[in-house]
Every structure is written in C-alpha cells, then in structure tokens.
Amino acid sequence: MIVRDVQDPLERLVKLLTMLPGIGERTARRLAYHVLRAPAEYPEDLAHALLEIRGKLCECSSCGNISEQEVCPICSDTSRDPRKLCVVASIQDLQVIERSGSFRGRYFVLHGYVAPLDGLNPEDLDTDHLLSLVRENGVREVIIATNPTVEGEATAGYLAQRLRDEGVKITRIASGIQHGGEIEYSDPVSVARAIDRRDEY
Ligand SMILES: [Zn+2]
C-alpha cells in the first residue's frame, strides 16, 4: 500500500484516516492530533479494536449482515418469516429497520447501489445470490427498501426487473420516509410507517 511509503508517522495516519468514508483532510488532521494528545492507552485500544473487528466479525453468508458467526442471528432466528425478504442497500439501513421493530422477515444486503455515473453498474450487485435466496427460502414477497433517491429508484427498478420471472410479490417501501430522507437518517416511527405502507411495485 502506498501509505507505507509515507515516512512521517503523522502524515501516514492522516492519509489512512482520509481513506475512510466522509473524512476529509481537515477532519483527519483533527482526529490525528486528538489521538496524539489522548491518554497512552487510547491508541492501543483503538488499534486493538480495529484489528479485532477484522478478526472476529464477518459477513453473514446468507444475508450479508455483519456477524460473529457464519450465519447471523437474524437469519438463524426461526421465529422470523423466511418467506418475506427485505432488500436493503447497506448494513446501516438494515439496522435502522431492525430498530423500528416493524419487520419480522429476513434481509438481503446489497452493499451498494446502481449508479452508472459513479461507475456502479448493475453487474456489481450480487443479484445472483439474491435470486438463489428467493428460490431456496420459498420467498413470497420481496420488499425493496432502497432509499427514495435517484440511485435508490434505479436500483429498485433493476431489482424488480431481475425478480420479475420469479413469481414473487415485489413491493416498494412508501416514499414518504421524510422529505428527501434516507433510511439511515430516519427515525424508527417513519421507517415503520414506510414499511407498513409499502405498495406493490
Ligand atoms: Zn444473515
């Protein structure tokens, strides 16, 4: 990795931090100075935690959620209805829907969107895995819970097209989450309402 060639330790940390989503150089410097001035055990704990999440956590082999086991607690929960599958773009969105308590089926995490202008093409999404889940679990309804944004709608359209011949009911969460709102930033009540008021796609 190019970062290893950066000799100055502070610059190396700044460079590594700017590789995280949403962190620009100014924020990276602020965080780096903060770490410098923090108690000695803080950087040690931070480094340890960073190594640990890669060592102990993995992606659920079924839904793509983050998990300590090969299959996550949601997919292993027999009280949930495997015939209802909620497709989300990210793990954050899954967690927001879980917190709303409005859904008792299973999930599929896309880990992305269709956004051709950003170089994200439909082929980049693992829709083959989605289709095999639909068949294996005898799914009756696929709820497409992508954001009501341009990318979210494009993704929903693509998924609906891929699922058309599967004989499943395809629904879309109601768009009134919040004005221009994204699932990740919505409150649990609004998310629950958007799921309850889903419409056939
Ligand atoms: Zn899972």
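If Pro148 meets every condition in (1) without any contact (Cβ under 8 Å) to a residue 40 or more places away in the chain; (2) in a loop (DSSP other than H, G, I, E, B); (3) away from the ligand (no atom under 16 Å from the Cβ); (4) loosely packed, with under 15 Cβ neighbours inside 10 Å apart from one, which number is that one?
Only one criterion in (1) without any contact (Cβ under 8 Å) to a residue 40 or more places away in the chain; (2) in a loop (DSSP other than H, G, I, E, B); (3) away from the ligand (no atom under 16 Å from the Cβ); (4) loosely packed, with under 15 Cβ neighbours inside 10 Å is unmet by Pro148, namely (4).
Go through (1) loosely packed, with under 12 Cβ neighbours inside 10 Å; (2) within 16 Å of Arg106 (Cβ to Cβ); (3) in contact (Cβ under 8 Å) with a residue 60 or more places away in the chain one by one and return the number of the condition Leu133 breaks.
Condition (1) is where Leu133 drops out.
State yes or no: is Glu44 surrounded by 10 or more Cβ atoms within 10 Å (Cβ to Cβ) and under 27 Å from the mean Cα position of the chain (by Cα)?
Numbers: surrounded by 10 or more Cβ atoms within 10 Å (Cβ to Cβ): yes; under 27 Å from the mean Cα position of the chain (by Cα): no.
No: the conditions fail for Glu44.
May I ask you to verify whether Arg80 is away from the ligand (no atom under 14 Å from the Cβ) and assigned by TED's automatic domain parsing to the domain that holds Leu159? So that I can check it myself, show each step before the final result.
Working: away from the ligand (no atom under 14 Å from the Cβ): no; assigned by TED's automatic domain parsing to the domain that holds Leu159: yes.
When the stated conditions are applied, Arg80 does not pass them.
Can you work out which of the residues in the range 48-81 that are more than 24 Å from Asp128 (Cβ to Cβ) and modelled with pLDDT of 95 or more is nearest to the chain's Cα centre (by Cα)? Even if it seems obvious, please write down each step before you answer.
Going residue by residue through the range 48-81, those that are more than 24 Å from Asp128 (Cβ to Cβ) are 48-57, 68, 73, 77-79.
Of the ones still in play, those that are also modelled with pLDDT of 95 or more are 73, 77-79.
Values: Pro73: 16, Asp77: 20, Thr78: 23, Ser79: 23 Å.
Among those that are more than 24 Å from Asp128 (Cβ to Cβ) and modelled with pLDDT of 95 or more, it is Pro73.
Select from the range 50-83 the residues that are surrounded by 14 or more Cβ atoms within 10 Å (Cβ to Cβ), free of Cβ contacts under 8 Å to residues at least 40 places away in the same chain and not in a strand (DSSP E or B) and list them in ascending order.
Cys60, Cys72, Ile74, Cys75, Arg80
What's the number of the only condition in (1) surrounded by 10 or more Cβ atoms within 10 Å (Cβ to Cβ); (2) at pLDDT 95 or above; (3) more than 16 Å from the ligand (Cβ to nearest atom) that Pro39 fails to meet?
(1)
Which is away from the ligand (no atom under 16 Å from the Cβ) and not in a loop (DSSP other than H, G, I, E, B), of Leu16, Leu94? Talk me through it step by step, then tell me what you get.
Numbers: Leu94 fails: away from the ligand (no atom under 16 Å from the Cβ).
Matching residue, one of Leu16, Leu94: Leu16.
May I ask you to list the residues in the range 97-129 that are in a helix (DSSP H, G or I), within 16 Å of the ligand (Cβ to nearest atom) and surrounded by fewer than 22 Cβ atoms within 10 Å (Cβ to Cβ)?
If we filter the range 97-129 for residues that are in a helix (DSSP H, G or I), which is where we start, we get 97-100, 116-118, 122-124, 127-129.
Restricting the remaining residues to those that are within 16 Å of the ligand (Cβ to nearest atom) gives 97-98, 129.
Of everything in the range 97-129, those that are in a helix (DSSP H, G or I), within 16 Å of the ligand (Cβ to nearest atom) and surrounded by fewer than 22 Cβ atoms within 10 Å (Cβ to Cβ) turn out to be Glu98, His129.
What are the pairs with Cβ atoms under 9 angstrom where one residue, in the range 1-20, is of a type in the set (Ser, Thr, Tyr) and the other, located anywhere, is outside any helix (DSSP H, G or I)? Sequence gap at least six, or different chains.
Short answer, once both residue conditions are applied: Thr18/Gly24.
The values are calculated or read from the model by the stated rules, or taken from the named source; none is laboratory data. Everything numeric in this text was worked out from a predicted model, so none of it was measured. All Cβ positions, even for glycine, are placed from backbone atoms using ideal geometry, and neighbour counts span all protein chains on display.
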